[in-house]
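The structure appears right after this line, and notes come after that.
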Amino acid sequence: MKKIAMVTGATSGIGRATATMLSKLGFNLIITGRRQERLDVLQAELNNNGSEVMSLCFDIRKNKETENAIQQLSNEWAQIDILINNAGLAAGADPIYNGLWSDWEQMIDTNIKGLLYLSKLIIPGMMERKQGHIVNVSSIAGKETYANGNVYCATKHAVEAITKGMRIDLLPYNIKVSSVSPGMVETEFSIVRFHGDKGKADNVYKGLTPLFENDIAETIEFIVTRPPHVNINDILVMPTAQATAVYNHREE
Ligand code: NDP
Ligand code: 8X3
């Protein structure tokens, strides 16, 4: 059987592009997300590329649901070589005194707890086989904190710490742990962040060329195709028009 890669949040954006890239590289894919119809469409596309695909529809915020989904995997499919922890979101962009509990909980439960629930289920198999690669999708928001970014930035700072912690703890088991940290990428990210307000989402990218999902998929391709003795710890990828989380150059 071909090598197996699992991509969380494959129904959109960076995750979908990464699953497609990995399929073209020759992997069989486990794709996850909450939107079954989108998983079905992607599954058909990846099948056309010659990959076998298992789609798992579950909410990563729910530990039991996540565990049940992983338990569905046969012994063969459970031998995951690469795990891309991508599922995540920003919800809201408000000063700390106005933030919604529901937004905060959604981000913490998805970006931190969900990543941990899933990783804890996949890591033991990698340890047993003494082989594996985990790529966590972090963000410029994991390195800087900006106005109204408070809790989203905190969750991505947590992803940075978890990545470093995983790398240390998994060192004796020959498991690579990497992260990729993008600046602005035009996906459904801002539409989700602004609770479906497309006008506000479009403003984020107005007057500049952001990154696109394939730019990050290509970066992940570089990360996962290094030789066995090389681990890429982290790659920070920014649009040319974005110097920091807040300094952008926009044309009128
Ligand atoms: P999208 O909104 O396009 O994709 C997010 C993906 O996460 C979807 O597939 C969604 O699937 C999945 N997801 C969200 N919540 C859950 C959940 N509770 N359970 C399971 N899956 C979930 O955004 P991006 O592709 O941009 O985001 C991907 C990652 O990249 C995120 O971690 C984000 O923080 C990070 N990032 C994004 C940047 C950007 O500017 N776009 C920059 C830096 C980092 P579904 O809704 O079907 O469940
Ligand atoms: C997403 C990038 O700048 O909106 O992680 O935080 S940013």
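Where a number appears in this text, it was derived from the coordinates with a stated rule and is not lab data. What you see is a predicted model; the values in this text were computed from it and never measured. Reconstructed Cβ throughout: ideal geometry from the backbone, glycine too, with neighbour counts over all protein chains shown.
Taking into account only those residues within the range 195-215 that are of a type in the set (Lys, Arg) and closer than 19 Å to ASP103 by Cβ, which is surrounded by the fewest Cβ atoms within 10 Å (Cβ to Cβ)? Before you say what the answer is, go through the steps one by one.
Narrowing the range 195-215 to residues of a type in the set (Lys, Arg): 198, 200, 206.
Subset that is closer than 19 Å to ASP103 by Cβ: 198, 200.
Values: LYS198: 10, LYS200: 14.
Applying the filter and picking the extreme gives LYS198.
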Check on VAL180, within 10 Å of ligand 1 (Cβ to nearest atom), β-branched (Val, Ile, Thr) and touching a Ser or Thr at 6+ places or on another chain (Cβ under 9 Å): yes
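Every residue, every condition in (1) away from ligand 1 (no atom under 16 Å from the Cβ); (2) exposed (fewer than 14 other Cβ atoms within 10 Å of the Cβ), yes or no:
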position: ARG61; (1), (2): no, no
position: ASN75; (1), (2): yes, yes
position: GLY88; (1), (2): no, no
position: ALA93; (1), (2): no, no
position: SER102; (1), (2): no, yes
position: GLY114; (1), (2): no, no
Residue under evaluation SER12, criteria (1) more than 14 Å from the chain's Cα centre (by Cα); (2) near ligand 1 (Cβ under 9 Å from one of its atoms), criterion not met: (1)
Qualifying residue in the range 34-55 (condition: within 16 Å of ASN136 (Cα to Cα) and away from ligand 2 (no atom under 16 Å from the Cβ)): no
The range 202-216, residues that are over 20 Å from the mean Cα position of the chain (by Cα) and within 11 Å of ligand 1 (Cβ to nearest atom): VAL204, TYR205
Qualifying positions in the range 44-54 - surrounded by 19 or more Cβ atoms within 10 Å (Cβ to Cβ) and either more than 16 Å from ligand 1 (Cβ to nearest atom) or polar (S, T, N, Q) (or both): SER51
